[in-house]
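Derivation of every value follows stated rules applied to the coordinates shown; laboratory data play no part. All figures in this text were calculated on a predicted structure; none of them were measured in a lab. Here the Cβ is made from the backbone with ideal geometry for all residues, glycine too, and neighbour counts use every protein chain on show.
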Amino acid sequence: MSLDLDKRQRAMLREMGVRIWQAPPVVAASDLSVAMNSVANHVRPSRAEARFDAEPQRPQVAAARAPQAAPVPTVARAPGLQPRPAGIELMAWPALQAAVAGCRACALCTSRKNTVFGVGPVAGDAAPAVDWLIVGEAPGENEDIAGEPFVGQAGKLLDNMLLAMRLQRGNDDAARPGVAKNIFITNVLKCRPPANRNPDPAEVAQCAPYLKRQVELLQPKIILALGKFAAQSLLQDSVPEVQKIPLGKLRGQVHNYLGVPVVVSYHPAYLLRSLGDKAKAWDDLCLAMSVAPTVVRSA
Ligand code: URA
């Protein structure tokens, strides 16, 4: 499949550094330009969003050291911590929401304002019917206050990237003809790491069962993993030594998490300060759309 763009539109995208690769024909060129303009408008990320490393430093390989077993992550003890609720793997959507809201399994609960479960179409007590699941890293300052993922500058860019795929977040009231809301957005961590530091492996391990249950209940057709923490968290059981693989090398292929196709891309906060990679991000979105071409439905 190829984009149905005329000569002028193609020239415009070329001018912006966007390589046209593949996309379902339903993607309108106007949406493409909206999204890519947003990527191109260099908005300085706030400190709250500046922590993402799309291309981690190459791991230093210690010379001639005997292989060591990976340390088992442990959660820092803090007053008031409690074990994660039992039975997450069997929870229905409302119970899962309540479990996240009341979670005190790691020290992040002591500094958070709100937990951030995720956002999608409202479906009463059922998990919303979505085709797309977007997984980011962790709530930042704005998300911690709002209790909703991706509401800051990175979120604005994400919204524009979604719009280019004819998707919008489920709780967005603006009606856009032909734009679907069958998408759920969440993060690896449901609580904000203080001062927006990177997630700690023990915190990721504590939160992982929540994300796993979200995937089981949502049954998305495609997962878009944004940034290295989302990629590593989702691919740790299927990609050997995924922690050592730069994000760029996880792109461009279709991975798998619980039987759901996973496409890896750059985190929007990284794209805000690394404009050179915006065309690659568009390639990733096109790959995701081509994996599941039927998922783009009219609203
Ligand atoms: N970055 C993320 O990864 N998630 C958010 O919710 C906000 C910023």
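Before moving on, here are some points about what is shown:
- Residue in the stretch 177-184 that is in contact with a Cys (Cβ under 9 Å, 6 or more places away or on another chain), within 25 Å of Met91 (Cα to Cα) and in contact (Cβ under 8 Å) with a residue 60 or more places away in the chain present: no
Listed here are the residues, each with its yes/no results for (1) of a type in the set (A, V, I, L, M); (2) away from the ligand (no atom under 14 Å from the Cβ).
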{"site": "Ala98", "(1), (2)": "yes, yes"}
{"site": "Ala101", "(1), (2)": "yes, yes"}
{"site": "Cys106", "(1), (2)": "no, yes"}
{"site": "Gln153", "(1), (2)": "no, no"}
{"site": "Leu158", "(1), (2)": "yes, no"}
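- Subset of the stretch 173-221 (residues that are within 16 Å of the ligand (Cβ to nearest atom) and either aliphatic (A, V, I, L, M) or in contact with a strand residue (DSSP E or B) (Cβ under 8 Å, 6 or more places away or on another chain) (or both)): Ile183, Phe184, Ile185, Thr186, Asn187, Val188, Leu189, Ala195, Val204, Ala208, Leu211, Gln214
- Against the list (1) away from the ligand (no atom under 16 Å from the Cβ); (2) part of a helix (DSSP H, G or I), the condition Leu271 fails is (1).
- Residue that is surrounded by the fewest Cβ atoms within 10 Å (Cβ to Cβ), among those in the stretch 216-230 that are of a type outside the set (Gly, Ala, Ser) and within 21 Å of Arg251 (Cα to Cα): Lys221
- Selection within the stretch 117-138: residues that are within 16 Å of the ligand (Cβ to nearest atom) and assigned to a loop (DSSP other than H, G, I, E, B). The member of this set that is nearest to Ala230 (Cα to Cα) is Glu137.
- Criterion: in contact with a helix residue (DSSP H, G or I) (Cβ under 9 Å, 6 or more places away or on another chain), of a type in the set (A, V, I, L, M) and under 16 Å from Gly155 (Cα atoms) - qualifying residue of Leu217, Leu224, Leu235, Leu247: Leu224
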